[in-house]
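For reference, the structure discussed in these notes is given below.
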């Protein structure tokens with residue numbers, strides 16, 4: 001009976017996780033993962049937590065415990081890497097992150113003895129790479145992506161330098177971060193336990209701001225200064241790793257340095273073709289047919305296998321071309337072309353990047369149909385400041401997205417706000 005009750009507890013936690021745009025489809029494999037990371041009591045308590053950041057007082061009230069006992073539980077969950085504590089203007093708030101990007105990664109961002117990481121790696125591989133429901137939901141359930149690609153800055157021409165914005169530069173994210181944390185790469189660490197890891201650098205995963213501070217506090221990251229952060233970025237360039245970070249303009253929380261063989265974003269891009277799992281850069285490579293020596297290095301080195309020989313027999317000699325719908329625009333091919341025959345051009349489509357995490361989350365929730373959960377679950381957004389942030393994000397959306405938001409909320413208050421905005425525009 002205890003086994004059945006325990007399983008129900010993990011189902012409740014899964015349902016809680018699935019209320020966030022980056023959810024976790026039910027699976028026996030998922031329940032095994034959650035059992036490794038949460039005790040039954042921890043799963044029961046975590047399933048009751050709000051979706052958005054909450055205070056110690058809020059958690060104590062939710063759990064009907066004293067603040068002293070609540071604090072001990074929260075600190076234990078943070079130490080296990082399944083909860084984050086964040087200091088915002090001297091006030092500590094807590095956040096139960098989604099599985100990915102979140103506690104799945106945190107569980108493998110250092111060597112640890114309290115969890116069987118080999119078994120965990122095997123379960124992650126089964127859940128993410130074999131069963132596919134999770135990876136499809138994570139990358140393809142919304143138009144707005146949670147991650148975006150950064151251009152490899154050394155290949156930018158003088159013309160491109162004029163058009164690239166600060167938030168499109170990984171170096172700018174590093175230089176402006178309030179704190180920088182460096183951790184073990186989740187993807188390559190997982191593949192190491194499966195005996196399939198490559199030789200790319202392992203300790204090169206980057207987090208920033210409050211996320212970095214929390215992970216550093218509990219030993220999941222080490223703090224570095226800007227100069228070391230930039231040096232690690234240079235090392236990532238030299239190892240042909242692709243920079244993928246949070247899809248926001250302000251307050252980027254993570255920057256992964258991804259290889260084409262271990263990283264889930266890269267392998268998903270190769271498996272599912274034109275369904276871009278992460279947002280591209282504003283650039284696209286162009287191969288000069290007159291100077292290309294047809295060595296094939298660009299084809300071999302492309303992390304998402306988007307460059308291949310032309311199949312048109314009328315084109316002689318055979319040359320290589322990048323597929324525009326598959327290319328992430330990272331610039332790795334241009335960096336490695338021995339003859340300098342690859343240049344970067346601006347894409348014709350406009351890349352729209354959400355302003356911040358709240359803006360991105362609201363967009364994803366609208367597109368996934370979970371906006372009501374985001375705003376109303378456990379009264380997570382009942383504070384004026386939090387509600388104002390959400391409504392501000394909704395009011396900044398295109399009209400069609402505002403209509404979707406209004407339909408999902410069925411809110412007279414929101415309808416009046418949208419109508420008022422429309423009148424002010426007209």
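The values are calculated or read from the model by the stated rules, or taken from the named source; none is laboratory data. Computed from a predicted model, the values in this text were never measured in an experiment. Ideal geometry is used to build each Cβ from the backbone, glycine not excepted, and the neighbour counts take in all protein chains shown.
Can you tell which of 197, 236, 210 is assigned to a helix (DSSP H, G or I) and at pLDDT below 95? Give the steps one after another, and end with the answer.
Numbers: 197 fails: assigned to a helix (DSSP H, G or I); 236 fails: at pLDDT below 95.
When all the criteria are applied, what remains is 210.
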**Message:** For the condition modelled with pLDDT under 95, assigned by TED's automatic domain parsing to the domain that holds residue 170, surrounded by 21 or more Cβ atoms within 10 Å (Cβ to Cβ) and farther than 15 Å from residue 301 by Cα, what is the one hit in 250, 264?
**Reply:** 264
**Answer from 226, 252, 242 - the residue that is in contact (Cβ under 8 Å) with a residue 40 or more places away in the chain, within 24 Å of residue 167 (Cβ to Cβ) and out of contact with any strand residue (DSSP E or B) (no Cβ under 6 Å at 6 or more places or on another chain)** = 226
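Out of everything in region 80-96 that is assigned to a loop (DSSP other than H, G, I, E, B) and in contact (Cβ under 8 Å) with a residue 12 or more places away in the chain, what residue ends up being surrounded by the fewest Cβ atoms within 10 Å (Cβ to Cβ)?
Taking region 80-96 as the starting set, the residues that turn out to be assigned to a loop (DSSP other than H, G, I, E, B) are 80-83, 89-90, 96.
From what is left, the residues that are in contact (Cβ under 8 Å) with a residue 12 or more places away in the chain are 80-83, 96.
Values: 80: 19, 81: 26, 82: 22, 83: 24, 96: 22.
My answer is 80.
Give the residue, chosen from 214, 227, that is more than 26 Å from residue 261 (Cβ to Cβ), buried (at least 23 other Cβ atoms within 10 Å of the Cβ) and assigned by TED's automatic domain parsing to the domain that holds residue 267. Break it down into steps so the answer makes sense when it comes.
Values: 227 fails: buried (at least 23 other Cβ atoms within 10 Å of the Cβ).
One residue alone meets the criteria, 214.
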**Item:** Number of positions in region 117-164 that are part of a loop (DSSP other than H, G, I, E, B) and without any contact (Cβ under 8 Å) to a residue 40 or more places away in the chain
**Value:** 1
**Asked** When residues of region 32-46 are filtered for being surrounded by fewer than 19 Cβ atoms within 10 Å (Cβ to Cβ) and more than 13 Å from residue 74 (Cα to Cα), how many remain?
**Response** 6
**Request:** Identify, by number, the condition in (1) touching a strand residue (DSSP E or B) at 6+ places or on another chain (Cβ under 9 Å); (2) crowded, with 19+ Cβ neighbours inside 10 Å; (3) modelled with pLDDT of 90 or more; (4) assigned to a helix (DSSP H, G or I) that residue 62 doesn't meet.
**Result:** (2)
**Asked** What number of residues within region 97-107 are within 13 Å of residue 79 (Cα to Cα) and part of a loop (DSSP other than H, G, I, E, B)?
**Response** 1
